[in-house]
1. Let me check something: with ligands and nucleic acids excluded, how do B:Leu120, A:Leu76 order by accessible area (1.4 Å probe), largest to smallest?
2. Any chance you could check region A:86-110 for residues losing 30 Å² or more of accessible area when the partner protein chains are in, compared with the chain on its own (1.4 Å probe)?
3. Rolling a 1.4 angstrom probe over the protein chains, ignoring ligands and nucleic acids, what is the accessible area of A:Asp82 in square angstrom, nearest 10?
4. Which semi-axis lengths, in whole Å and largest first, follow from the square roots of five times the eigenvalues of the Cα gyration tensor of region A:72-115?
5. How large are Rg and Dmax for chain A when only the alpha carbon atoms are used, in Å?
6. Calculate the mean, over all residues of peptide B:53-59, of how many other protein chain Cβ atoms lie within 10 angstrom of the residue's Cβ.
7. With a 1.4 Å probe and all protein chains kept in place, how much accessible area does B:His75 have, in Å² rounded to the nearest 10?
8. To the nearest hundred square angstrom, how large is the accessible surface buried between A and B, total for both chains, probe 1.4 angstrom?
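The values are calculated or read from the model by the stated rules, or taken from the named source; none is laboratory data. Just so it is clear, the structure is predicted and the values come from calculations on it, not from any experiment. FYI the Cβ positions are ideal-geometry reconstructions off the backbone, even for glycines, and counts take in every protein chain you see. Please note that ligands, DNA and RNA were not included when accessible areas were found on the heavy atoms of the full protein model with its side chains. Shrake-Rupley method; radii C 1.70, N 1.55, O 1.52, S 1.80 Å.
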Amino acid sequence: MTPAPASQEGAIYPAIGDTFPVLTFGPIDASRVTAYAAASGDTNPLHLDPAVAQSAGLPAPPIHGMLMMGCFEPALREWRADLCVIRLSTKFLRPVFSGTAIEISGRVVQLRDGQPKKIVVRLMAHGAGGDLAAVGEALLVPANTEL
Amino acid sequence: MQETLEPTPADGRAGRRIGPIPVRTTAADVEAFRASIFGAGAAVPLTFPMRWLALPAIAAAVAELLQGADWIPVHEAQSFDYDRPLTMDENYVMTVDIEASPASPRLTLKASIATPRAELCVRVETVLRLIPFKQEGSPFRREASA
């Protein structure tokens, strides 16, 4: 990835098409899911009890979609700690089951003009077998920007 | 906390406003949340407000809007739109509008989180798709209201 030259206030903007290295989170085991349930307050038994998951026709408890979405933020920080996320959205497509890992990847798809420019990054979360589990979009600006 | 039953729109949707609810970015809560999502650093995670959407007042309003139907809520979409970041160990106020649409069927929660001085920090939107579930013995099963 080759950052584009700074265009304002010393900010180094990525270029459209830039990608960041795939980051793997997990395997996300039951203890991680339990910790997320406790920390988030989302104690839906579907995520925590294999018998409930089975009664819903699932082979294992699915991890919380929000746990998966939460991994977008550390992935973005790992890529560019000098940028700040001001909007993050996600559509959840498929469940990822407890005991498997998720892979987070991203690509810059747009630079929006403005003061400062806003960087649009398309995000993807893949589960076991390469299934696309969630797609997201992040809007970033240089850190310490006054909005 | 105030709770207001909004007029039912003409298209059959039902809505409810919850709040303002006082909420706080308590350090221990933030740190536990951050650790659970592989986070690092000292900032409040972007997705931390989900913790507040799990408050009992909101869960109760959701259950009431669903009127006893058997359902599994499936998280379909989520967004966080920040005007200013949340900071650690600060008080905020949250107002949540919940809308149920029997035609879809989906449930949408739109939360606004602001400082006590009414400076908007973040808008949160959650879309839950509701899947019918009628299996006997299910913890999701709810008795139909009389």
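1. B:Leu120, A:Leu76
2. Checking the loss per residue gives A:Ile86, A:Arg87, A:Leu88, A:Phe92.
3. Counting only protein heavy atoms, the figure is 70 Å².
4. On the way: eigenvalues 130, 37, 17 Å².
One finds semi-axes of 26, 14, 9 Å for region A:72-115.
5. According to the Cα coordinates of chain A, Rg and Dmax are 17.3, 56 Å.
6. Details: counts 4, 6, 1, 1, 0, 1, 2.
So the per-residue partner count for this stretch is 2.
7. So the heavy atoms of B:His75 present about 40 Å² to solvent.
8. 2600 Å²
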